[in-house]
Amino acid sequence: MGKRALSFMAASLPSMTPELCSRMAKTRFASAYGLEYGRECWLDPENGTFADLTQYGPSTKCAMFCAGDPQASCGDECTVDLYTSEAVELNVTMPEAGVTNLGCYQ
């Protein structure tokens, strides 16, 4: 099995949403986070750059809705909806402040 884009699973919850995962990332000072399998929140505790994380994608397979929000996309099997937040200074410039969806990656 290859290296994961995001190495730390913060939680797997039936109430998972992008906002909940964002809060988990902020408490652990993670600059990037992602949602997978509709309920899993994965973090990048090493704070890799956007270029490091996107070497795994992009993908069009993010088709699972979030367990806690059926309007939001939360990855799929072996694919992650990748996000970043303003909680931690990033090594890249993002187009918007706050939470930004960087897309689907495999």
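What follows is calculated from the coordinates using simple rules that are stated; it is not laboratory data. Note that the structure is predicted; figures quoted are calculated from it, not measured. Glycine gets a Cβ as well: all are built from the backbone with ideal geometry, and neighbour counts include every protein chain shown.
What does the charge add up to near residue 33, with Lys and Arg as +1, Asp and Glu as -1, over the other residues with Cβ less than 12 Å from its Cβ? If you can, show how the numbers build up before the last one.
Working: positive: 23, 26, 28; negative: 19, 36, 40, 44, 81.
Around residue 33, the surrounding residues sum to -2.
Place the peptides 58-65, 27-34 in order of packing, highest mean first, counting for every residue the other Cβ atoms within 10 Å and averaging per peptide. If you can, show how the numbers build up before the last one.
Details: 58-65: 15.9, 27-34: 21.2.
Packing order, densest peptide first, comes out as 27-34, 58-65.
DSSP loop (so not H, G, I, E, B), at most 15 other Cβ within 10 Å: list which GluC sites (Glu not before Pro) in the range 1-46 pass both filters.
Working: sites: 19, 36, 40, 46; in loops: 46.
Of the GluC sites (Glu not before Pro), the ones in loops of the range 1-46 whose Cβ has at most 15 other Cβ atoms within 10 Å are 46.
In sequence order, what are the phi-derived ³J(HN,Hα) couplings for the range 41-46 according to the Karplus relation 6.51 cos²θ - 1.76 cosθ + 1.60 with θ = phi - 60°, rounded to whole Hz, with x for glycine and proline?
Each residue of the range 41-46 in turn: 10, 10, 10, 10, x, 8 Hz.
Using a Förster radius of 22 Å, what is the FRET efficiency between residue 46 and residue 71 based on their Cβ-Cβ separation? Nearest 0.05, please.
Details: r = 31 Å, r/R0 = 1.41.
Taking R0 as 22 Å, the efficiency between residue 46 and residue 71 is 0.10.
Apply the Karplus parameterisation 6.51 cos²θ - 1.76 cosθ + 1.60, with θ equal to phi minus 60°, to every residue of the range 71-82 and state each ³J(HN,Hα) to the nearest whole Hz, in sequence, with x for glycine and proline.
Values per residue, Gly and Pro as x: 8, 9, 8, 10, x, 5, 5, 6, 9, 10, 7, 8 Hz.
Which whole-Hz ³J(HN,Hα) couplings does the range 22-35 yield from phi under the Karplus relation 6.51 cos²θ - 1.76 cosθ + 1.60, θ = phi - 60°, glycine and proline marked x?
Values, residue by residue: 4, 4, 5, 5, 5, 5, 10, 6, 8, 7, 10, 8, x, 10 Hz.
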